[in-house]
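The values are calculated or read from the model by the stated rules, or taken from the named source; none is laboratory data. No experiment lies behind these values; they were computed from the predicted model shown. Note: ideal-geometry Cβ built from the backbone for every residue, glycine included; neighbour counts use all protein chains shown. These accessible areas exclude ligands, DNA and RNA; they are computed on the full protein's heavy atoms, side chains included. Shrake-Rupley method; radii C 1.70, N 1.55, O 1.52, S 1.80 Å.
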Amino acid sequence: MQPKKNHLTINHQPSTKKNLIIGHGIAGALLGYFLEQAGEECIYLDAPDQKAATQVAAGIINPITGRRFVKSWRIDDLVPFAQQLYRKLEQELDIRFYHERPLVRTLFNRGDENNWQARIQEDAYQNFFHEPPRLGNIPTLTEPAFSYLEVTQTAQVTIGVLVDALKAKRKKEGRFYDEAFEPEQLVIREKDVQYGDLVADRVLFCEGWCARFNPWFGDLPYGGNKGEVLLIRLPNAQLEQMFKHRVFIVPFTDDLYWVGSTSENQFTSDEPTPEGKAYLQARLEEVLTTPYELVDHRAAIRPTVKDRRPFLGLHLTYPQLGIFNGLGTKGASLAPFWAKHFADFLAFNKELDFAVDIQRFK
Ligand SMILES: Cc1cc2nc3c(=O)[nH]c(=O)nc-3n(C[C@H](O)[C@H](O)[C@H](O)COP(=O)(O)OP(=O)(O)OC[C@H]3O[C@@H](n4cnc5c(N)ncnc54)[C@H](O)[C@@H]3O)c2cc1C
């Protein structure tokens, strides 16, 4: 097939590796960042009509999750790395998107309290709770709860703002195109690929949930989980903490708060639904004692995977094709560490951790 004639170009040094990155959510944006840091060149394609999970997420980093208050996988590596990267990017891009905020969680009953009390005795959990919990304005805005706990080493990362800033910079540099990738236009050659006028060493797919339709990586064990959220205005609430009482209420921008989310493994579209909205409003009405204004209602699909580990690696037959996906419900904490890990593998031949390597499904 004749490659499509198009306008994609890369002005490169002959010795520099060239990457075509498909998808510019948090995965593609950060993978490209680390490849560029390693001296490689990247050109980005992002479909403007897809709903990116990155643009709907609150970007909560929460090291302790669930009814049993268990530390998330590899969190001791992930959180410090993410923190350092996000602070560095705030400086480099001159924007604010990384907010260290404690997380206050409701304890609903004696059973919850016992689970938590048992957990805080463990050495590995010593740095993850603050006692007593600092409640700030929570008691004036919400119904009284059985009890509360405060999780530390938490943050809210407006990853949509970060990705948009990187996109604006890359557009200015002529390396970003608001276009859907068309698989039938890709010519896989012996050592590289051609896409229209562009010749690149690799194509790296970072398509989030849409990867299940990818002709080369579509057979990986994807899940997919739909989430709906509300944006509400709580005038003068001055809530500094993230608060979880069945759903999260998270300070977002100005006096806007992110409320979420729903979680559906079965869905027929990625659009917001009346049921999702009603569910979230019911949760708000259970807990808030102050009126709120509904500002927006959004939905997107989380790129979850069956074994809850990211997907990194190269295609077995076509090593010019790679994938970075499977960030699931935790893109804000997973993306920095694993984007660097994958970039080190691609640029410097460092070993891929088998836990995230797609070769685990061979
Ligand atoms: C409701 C909700 C709440 C969430 N809350 C949190 C949270 O609090 N904390 C947290 O850490 N994570 C959260 N997440 C998860 C987080 O959003 C994801 O883990 C992360 O954003 C995934 O990033 P990604 O880049 O892999 O995918 P996406 O952000 O979905 O980006 C994929 C991109 O690829 C593009 N694309 C797809 N196909 C093509 C194609 N053929 N050509 C060109 N471009 C293409 C799409 O347009 C999109 O821009 C939440 C997700 C949802 C939906």
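Can you tell me which of F213, F311 is without any contact (Cβ under 8 Å) to a residue 60 or more places away in the chain and not assigned by TED's automatic domain parsing to the domain that holds S147? I'd like the intermediate steps shown before the answer.
On the way: F311 fails: without any contact (Cβ under 8 Å) to a residue 60 or more places away in the chain.
From the options F213, F311, the qualifying one is F213.
For region 304-322: of the residues being open to solvent by less than 10 Å² (accessible area, probe 1.4 Å) and more than 10 Å from the ligand (Cβ to nearest atom), which is nearest to G160 (Cα to Cα)? Looking at the filtered set, the residue picked out is L312.
Any chance you could count how many residues in region 26-66 are part of a loop (DSSP other than H, G, I, E, B) and small (G, A, S)? Show your work before the answer.
To start, the set of residues in region 26-66 that are part of a loop (DSSP other than H, G, I, E, B) comprises 38-40, 46-52, 56-59, 62-63, 66.
With the extra rule that they be small (G, A, S), the set shrinks to 38-39, 47, 52, 57-59, 66.
So the count comes out to 8.
From the list P235, P215, the lone residue that is in contact with a Pro (Cβ under 8 Å, 6 or more places away or on another chain), part of a loop (DSSP other than H, G, I, E, B) and open to solvent by 40 Å² or more (accessible area, probe 1.4 Å) is P215.
Here's the yes/no breakdown for (1) in contact with a Phe, Trp or Tyr (Cβ under 9 Å, 6 or more places away or on another chain); (2) within 11 Å of the ligand (Cβ to nearest atom); (3) within 26 Å of A211 (Cα to Cα):
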{"residue": "K17", "(1), (2), (3)": "no, no, yes"}
{"residue": "I22", "(1), (2), (3)": "yes, yes, yes"}
{"residue": "G28", "(1), (2), (3)": "yes, yes, yes"}
{"residue": "L31", "(1), (2), (3)": "yes, yes, yes"}
{"residue": "C42", "(1), (2), (3)": "yes, no, yes"}
{"residue": "D46", "(1), (2), (3)": "yes, yes, yes"}
{"residue": "I60", "(1), (2), (3)": "yes, yes, yes"}
{"residue": "S72", "(1), (2), (3)": "no, yes, yes"}
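Return yes or no: is Y177 more than 20 Å from the chain's Cα centre (by Cα), within 23 Å of G39 (Cα to Cα), of a type in the set (S, T, Y) and open to solvent by 30 Å² or more (accessible area, probe 1.4 Å)? Here the answer is yes, as Y177 does meet what is asked. For region 131-160, filtering for residues that are open to solvent by less than 60 Å² (accessible area, probe 1.4 Å) and either under 24 Å from the mean Cα position of the chain (by Cα) or within 16 Å of the ligand (Cβ to nearest atom) (or both) leaves 10.
Report yes if some residue within region 87-94 is more than 12 Å from the ligand (Cβ to nearest atom) and part of a loop (DSSP other than H, G, I, E, B); otherwise report no.
Initial filter on region 87-94 (more than 12 Å from the ligand (Cβ to nearest atom)): 87-94.
Narrowing the set further to residues that are part of a loop (DSSP other than H, G, I, E, B) leaves 94.
Yes, some residue in region 87-94 is more than 12 Å from the ligand (Cβ to nearest atom) and part of a loop (DSSP other than H, G, I, E, B).
Across region 238-259, the qualifying residues are those that are in contact (Cβ under 8 Å) with a residue 60 or more places away in the chain and assigned to a strand (DSSP E or B), and the one among them that is most open to solvent (accessible area, probe 1.4 Å) is K244.
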